[in-house]
Amino acid sequence: MNTPIQGTAADIMKIAMINVYNELKRRNLKSKIVLQVHDEMMIEAPIKEAEEVKEIIKRQMENAISLKVPLIADVSEAENWYECK
């Protein structure tokens, strides 16, 4: 019963990851996708790119696919992996 929901969510996440990757490359940013777990994506970014990358991630994750309900992405940042929320 849950397989179609989880499978669709995984597909949406992969679309978002591809879109984030392509946008980072298009803008010639040094930031890199380093980890994806369930509905979370971790990016390593130079501090000077942080705000631009957060905007890219939020926009690409919320617009990966068009649904009748909105997709909402929360973005946070930390100095190291331990502090990530």
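The values are calculated or read from the model by the stated rules, or taken from the named source; none is laboratory data. On a predicted model such as this, the values are computed, not experimentally measured, just so you know. Because the Cβ atoms are built from the backbone with ideal geometry, glycine has one as well, and the counts that use them run over all protein chains shown. Just so you know, the surface numbers come from the protein's heavy atoms only, side chains and all, with ligands and any DNA or RNA stripped out. Shrake-Rupley method; radii C 1.70, N 1.55, O 1.52, S 1.80 Å.
Could you work out the relative contact order of segment 37-85? I mean the mean sequence separation of Cα pairs under 8 Å and 6+ apart, divided by the number of residues, in percent.
24
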Relative to the longest principal axis of the C-alpha atoms of the chain, give the angle of the C-alpha long axis of helix 3-26, reported between 0 and 90° and rounded to the nearest 10°.
30
Under a straight-distance cross-link criterion of Cα-Cα below 17 Å, which lysines are reachable from residue 30, leaving out those fewer than 8 residues away in the same chain?
48, 54
Which whole number in µm²/s is D for segment 1-50 by Stokes-Einstein, with the Kirkwood Rh taken over Cα pairs at 25 °C and 0.890 mPa s?
205
If one compares the long axis through the Cα atoms of helix 50-62 with the longest principal axis of the Cα atoms of the chain, the angle in degrees, nearest 10, works out at 10
Take 8, 3 and sort them by solvent-accessible surface of the protein heavy atoms, 1.4 Å probe, largest at the top.
3, 8
For the chain, what are Rg and Dmax over the alpha carbons, in angstrom?
13.3, 45
Per residue, what volume in Å³ does the Cα convex hull of segment 37-80 take up?
74
Taking only C-alpha pairs under 8 Å that are 6+ residues apart, what is the relative contact order of the chain in percent?
24
Starting from the Cα of residue 5, step 7 Å along the direction of its Cβ; do the same at residue 33; then give the gap between the two resulting points in nm.
2.4
Surface share of carbon and sulfur [accessible, 1.4 angstrom probe, percent] for the chain:
56
